[in-house]
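Right, one structure below, let's go through it.
The values are calculated or read from the model by the stated rules, or taken from the named source; none is laboratory data. It should be emphasised that the depicted structure is a prediction, and the values quoted were computed from it without experimental measurement. With ideal geometry, Cβ positions are generated from the backbone for all residues, glycine too; neighbour counts draw on all protein chains shown. Surface accessibility is based on the protein's heavy atoms, side chains included, excluding ligands, DNA and RNA. Shrake-Rupley method; radii C 1.70, N 1.55, O 1.52, S 1.80 Å.
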Amino acid sequence: MAPSRPRVVVIGAGFAGMHCVRRLRNAAVDVTLVDRSTSHVFQPLLYQCATGLLSEGAISSPIRHLTRRQRNLDVVLGEAADIDVETREVVVDRLDRSSFRLPYDYLVVGTGMRTAYRGNDQFAKYAPGMKTLDDALTIRRKIMAAFEMAETITDPEEQRSWLTFAIAGGGPTGVELAGQIRELATRALEREYDAIDPAHARVLLLHGGDRVLPSFNVRLSASAQRTLDDLGVETHLGVHVTDVGDDYVETTRKADKHKDRYPARTTLWTTGVEAVPFAATLATALGVEQDRAGRISVEADLSVPGHPEVFVAGDMMAYKDLAGVAEVAMQGGHHVGRVIAESAGGQQERSPFKYRDLGTAAYIARRRAIVQSGRFQMSGFPGWVAWGVIHIAFLAGIRNRLGTVMTWGATLLTDSRRERAIIYGDTETARTPYARREAK
Ligand SMILES: Cc1cc2nc3c(=O)[nH]c(=O)nc-3n(C[C@H](O)[C@H](O)[C@H](O)COP(=O)(O)OP(=O)(O)OC[C@H]3O[C@@H](n4cnc5c(N)ncnc54)[C@H](O)[C@@H]3O)c2cc1C
């Protein structure tokens with residue numbers, strides 16, 4: 001009887017997981033890819049989905065469709081809930097919470113990070129983060145509902161609070177969201193309301209550091225700030241968000257602890273991430289430590305110390321201070337796939353992971369983006385073109401690429417945004433005042 005092939009279980013169909021399974025396509029292994037979602041999501045464009053520019057279908061691709069030609073791969077919809085290190089099995093919860101076990105010879109974990117509120121979990125109710133497709137759709141509903149609410153509210157102060165959007169965090173996600181909300185208000189919605197002028201929407205960008213986009217160099221960060229100022233985004237530096245409620249956000253200045261309270265019906269949280277809960281389950285099962293953000297340290301081949309059959313890749317791995325960006329996840333996933341393929345082929349030695357920094361990019365406004373790769377940097381229109389090419393190149397699937405280019409083109413020509421459907425009573429945001437009115 002022929003010896004059975006090694007079984008590889010990959011948990012997470014993000015950039016790390018997808019690049020790992022792709023590298024294993026021709027390897028003599030049987031692969032099972034487990035994700036709690038049916039789709040691979042292109043997180044770098046979540047903010048365009050959240051602001052009505054792109055549909056959720058444009059930035060996500062069904063995992064089964066993406067992998068349909070890979071003959072050594074099974075896809076499983078389920079949530080990895082536990083690991084049995086002794087029997088080498090992953091316990092997976094189905095949609096109905098019944099569970100089953102998947103045996104493995106190699107295990108790859110790329111389950112990513114989630115929004116962190118750092119001891120202020122009560123903020124989550126009022127200030128959604130943006131890590132998943134659900135988050136983006138929640139934010140979209142909140143934003144669209146806020147303009148609709150403002151249209152029929154006659155009290156000027158209350159109306160103003162519906163037209164105030166606060167964003168905690170001045171990193172790429174915060175900056176991109178702030179810019180997009182101003183563009184939505186000043187371009188797409190400009191002539192569509194009667195009682196309000198959407199262009200009066202106030203966007204507060206609240207950031208703890210002394211400049212936005214601290215991961216970019218000072219010149220690019222300053223260029224981004226000028227664009228934000230031109231757009232009408234109100235940037236507050238050196239402040240922490242210390243309280244959020246249904247209709248307000250409070251900041252505390254780092255320098256002198258001075259507090260400011262802004263009436264705002266929409267607060268969005270883009271500051272801070274932590275490993276998803278499965279990281280703690282994995283760490284406990286394997287008897288290893290997590291860092292402050294919950295990530296798991298790995299060896300040079302990206303395996304977990306003491307467990308050469310278990311690998312962690314992507315945002316959830318802690319390795320040489322590498323940032324949680326798509327390129328690290330893609331290259332890390334690819335490397336793990338290669339190590340497993342070579343081990344399955346009988347190779348004893350494992351090659352170390354070498355990250356090639358291809359740079360980062362951030363969209364600030366239409367025709368303006370910044371790109372940084374080593375000493376090379378670009379801003380303004382050239383940066384925007386480079387940003388567009390990079391994002392289209394990494395979107396999964398020809399259909400999503402073509403659809404996105406067409407939508408961007410149409411939005412550039414007409415300013416319109418089509419992805420704005422919300423249903424009456426669909427949001428917490430809208431429900432509160434209606435309930436109050438009915439109670440009167
Ligand atoms: C809004 C936003 C904008 C970004 N912009 C950029 C950018 O411009 N450039 C850049 O380089 N990077 C950007 N990033 C970062 C980049 O998207 C991440 O570094 C990358 O997605 C990490 O890939 P990953 O595979 O580690 O995890 P993820 O892509 O997060 O994938 C994790 C997968 O694991 C699944 N999962 C989680 N828990 C379980 C479980 N228990 N069981 C089964 N499945 C599970 C999830 O459903 C998900 O599919 C951005 C991120 C966000 C959120």
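Taking Arg114 as the residue in question, decide whether it is surrounded by fewer than 21 Cβ atoms within 10 Å (Cβ to Cβ), within 12 Å of the ligand (Cβ to nearest atom) and modelled with pLDDT of 95 or more. In short, yes.
If I ask for residues that are among the aliphatic types (A, V, I, L, M) and either outside any strand (DSSP E or B) or near the ligand (Cβ under 8 Å from one of its atoms) (or both), which ones from the stretch 33-48 would you list? Those that are among the aliphatic types (A, V, I, L, M) and either outside any strand (DSSP E or B) or near the ligand (Cβ under 8 Å from one of its atoms) (or both): Val34, Val41, Leu45, Leu46.
Of the residues that make up the stretch 155-172, is at least one surrounded by 24 or more Cβ atoms within 10 Å (Cβ to Cβ), of a type in the set (A, V, I, L, M, F, W, C), modelled with pLDDT of 95 or more and assigned to a helix (DSSP H, G or I)? Scanning the stretch 155-172, I find at least one residue that is surrounded by 24 or more Cβ atoms within 10 Å (Cβ to Cβ), of a type in the set (A, V, I, L, M, F, W, C), modelled with pLDDT of 95 or more and assigned to a helix (DSSP H, G or I), so the answer is yes. Of everything in the stretch 7-32 that is part of a loop (DSSP other than H, G, I, E, B) and surrounded by fewer than 18 Cβ atoms within 10 Å (Cβ to Cβ), the residue that is nearest to the ligand (Cβ to nearest atom) is Arg25.
Taken over the stretch 175-194, residues that are under 21 Å from Asp247 (Cβ atoms) and within 16 Å of the ligand (Cβ to nearest atom) amount to 3.
Given (1) surrounded by fewer than 16 Cβ atoms within 10 Å (Cβ to Cβ); (2) in a loop (DSSP other than H, G, I, E, B), identify the lone condition not met by His65. Here His65 meets the rest and fails (2).
Consider the stretch 319-346 and keep the residues that are farther than 21 Å from Pro44 by Cα and open to solvent by less than 30 Å² (accessible area, probe 1.4 Å). The one that is farthest from the ligand (Cβ to nearest atom) is Ser343. The strands (runs of 3 or more DSSP E) found entirely in the stretch 232-287 that carry 3 or more residues being touching a strand residue (DSSP E or B) at 6+ places or on another chain (Cβ under 6 Å) and open to solvent by 60 Å² or more (accessible area, probe 1.4 Å) are 259-263.
Each row is one residue, and each column tells you yes or no for (1) within 24 Å of the chain's Cα centre (by Cα); (2) open to solvent by 40 Å² or more (accessible area, probe 1.4 Å); (3) in the same structural domain as Gln377 (by TED's automatic domain parsing).
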| residue | (1), (2), (3) |
| --- | --- |
| Ala185 | yes, no, yes |
| Glu192 | no, yes, yes |
| Ala195 | no, yes, yes |
| Leu205 | yes, no, yes |
| Pro214 | yes, yes, yes |
| Leu220 | yes, no, yes |
| Gln225 | yes, no, yes |
